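The structure appears right after this line, and notes come after that.
The values are calculated or read from the model by the stated rules, or taken from the named source; none is laboratory data. Values in this document were obtained by computation on a predicted structure and should not be read as measured data. Glycine gets a Cβ as well: all are built from the backbone with ideal geometry, and neighbour counts include every protein chain shown.
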Amino acid sequence: MFVNPFLKKPRFSVSLCLKQNDSDEKQIQQESSKEVDEEEEEKYWVLTAVRSRYNEIVIIDTLASRYLLLDSTKNVHSVINKNGRNWTGSYWDEFASLPPIIPNGPIAIYGLGGGTAARLILELWPSMQLEGWEIDEILIEKSRDYLGLSELEKPTSKGGRLCVHVDDALSPSQDVSGRYAGIIVDLFSDGKVLDQLQQVPIWLDLASRLMPNGRIMVNCAGIETEQVAANGKPRLELGDSAWMLNSTIKILAEAFPGQVSWKRTPDSQGLNFLALTGDLPDLSDWSNEVPVRLSEAVRQWKLCKTS
């Protein structure tokens, strides 16, 4: 639940004294922000700012969109557009390509955040049963209040809906063996993939929660040590072995030898690495089964190879 960084969206410079409890919170006064390149200024409103057990939670409003910012990094973990379009132009859109390549059955979203991925999936696949897992109860409350999460919990016209679980998705106590057709993993803390996901056993446990032929799709973030070019932008590593520079994909490849594919979103979409377990799908068939906006994107998946 992290986009790195805003890129074409405004980056907000938020400095607030977060409340421990905001049950009687009133709307915080309007503040101003600056675009990443500081060429223009945009107004935003802070709708809520509160510290929970797990997060520093800030939800901000602009004329075009509403954003969920978390932890000390103030990275964006969810976005909802006000024009009625649920496409984000970021990695969340990629998750909506998963349904055509998995068996019939529910999809789990580990790291639900404000429900950005769930919203698009239910628009495109309205019969889908989603189970969103989020450890932070206050974050869920705020997402219901400000990000329309409660609307996703109501059945669609085709019977699909989002069921929210407030719990630790990685807890071994979760009895979900063989339950899911797909699992989306989007778990971050302080701008990094959770440390637990850098261990092979946790991925084997997650795989045990899948139906036969089920798949896991993972937001693996970027490359921490990526070099910066003279223009200040990352010098992209886009060769067939670039995945080896991402620690999370390396662990996945160790856990599932020969059964992990990868891709990287373009500069305009955050430079996030994504991983997919299972055999590499037939990219042509997959491309034909997703919305046009995703058809070219799914053709970019590659099998992880060491040479």
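If you go through region 71-94 and keep only what is closer than 19 Å to TYR146 by Cβ and part of a loop (DSSP other than H, G, I, E, B), you end up with ASP71, LYS74, LYS82, ASN83, GLY84, ARG85, ASN86, THR88. Taking region 47-59 as the range and being within 18 Å of the chain's Cα centre (by Cα) and either under 25 Å from ASN83 (Cβ atoms) or of a type in the set (Val, Ile, Thr) (or both) as the test, the residues that pass are ILE57, VAL58, ILE59. Restricting region 250-266 to residues that are polar (S, T, N, Q) and either crowded, with 19+ Cβ neighbours inside 10 Å or modelled with pLDDT under 95 (or both), the residue that is farthest from LYS192 (Cα to Cα) is SER261. Looking only at region 282-307, residues that are in contact with a Ser or Thr (Cβ under 8 Å, 6 or more places away or on another chain) and either in contact (Cβ under 8 Å) with a residue 24 or more places away in the chain or within 24 Å of LEU206 (Cβ to Cβ) (or both) come to 12 in all.
Taking every residue in region 107-122 that is farther than 25 Å from PRO212 by Cα and pairing it with any residue that is polar (S, T, N, Q), at least 6 positions away or on another chain, the pairs with Cβ-Cβ distances below 6 Å are GLY113/SER78; GLY114/SER78; GLY114/SER143; THR116/SER78; ARG119/ASN86; LEU120/ASN86. If you go through region 266-307, how many residues are closer than 21 Å to ILE251 by Cα and β-branched (Val, Ile, Thr)? Result for region 266-307: 2. Counting just the residues of region 267-286 that are surrounded by fewer than 19 Cβ atoms within 10 Å (Cβ to Cβ) and among the small types (Gly, Ala, Ser), which one comes out modelled with the highest pLDDT? Looking at residues that are surrounded by fewer than 19 Cβ atoms within 10 Å (Cβ to Cβ) and among the small types (Gly, Ala, Ser), I get SER284.
Does GLN174 fit the bill of being modelled with pLDDT under 95 and over 16 Å from the mean Cα position of the chain (by Cα)? For GLN174, the condition - modelled with pLDDT under 95 and over 16 Å from the mean Cα position of the chain (by Cα) - is met. Listed by first and then second residue, the pairs linking a residue in region 145-172 that is without any contact (Cβ under 8 Å) to a residue 40 or more places away in the chain and at negative phi to a residue that is part of a loop (DSSP other than H, G, I, E, B) and of a type in the set (Phe, Trp, Tyr), with Cβ atoms under 9 Å apart and 6 or more places separating them unless they lie on different chains, are LYS158/TRP125; GLY160/TRP125. Look at (1) closer than 18 Å to GLY132 by Cβ; (2) out of contact with any Leu (no Cβ under 9 Å at 6 or more places or on another chain); (3) acidic (Asp, Glu) and you find that ASP195 fails only one, number (1). Among the residues of region 101-155, those identified as of a type in the set (Asp, Glu) and surrounded by fewer than 20 Cβ atoms within 10 Å (Cβ to Cβ) are GLU123, ASP136, GLU137, GLU141, ASP145, GLU151, GLU153. For region 54-81, the set of residues classified as charged (D, E, K, R) and modelled with pLDDT under 90 consists of ASP71, LYS74, listed by residue number. Taking GLU137, is it in contact with a His (Cβ under 8 Å, 6 or more places away or on another chain), over 18 Å from SER90 (Cβ atoms) and in contact (Cβ under 8 Å) with a residue 40 or more places away in the chain? No.
Looking across region 210-231, the residues that are farther than 18 Å from ALA253 by Cα and modelled with pLDDT of 95 or more come down to MET211, PRO212.
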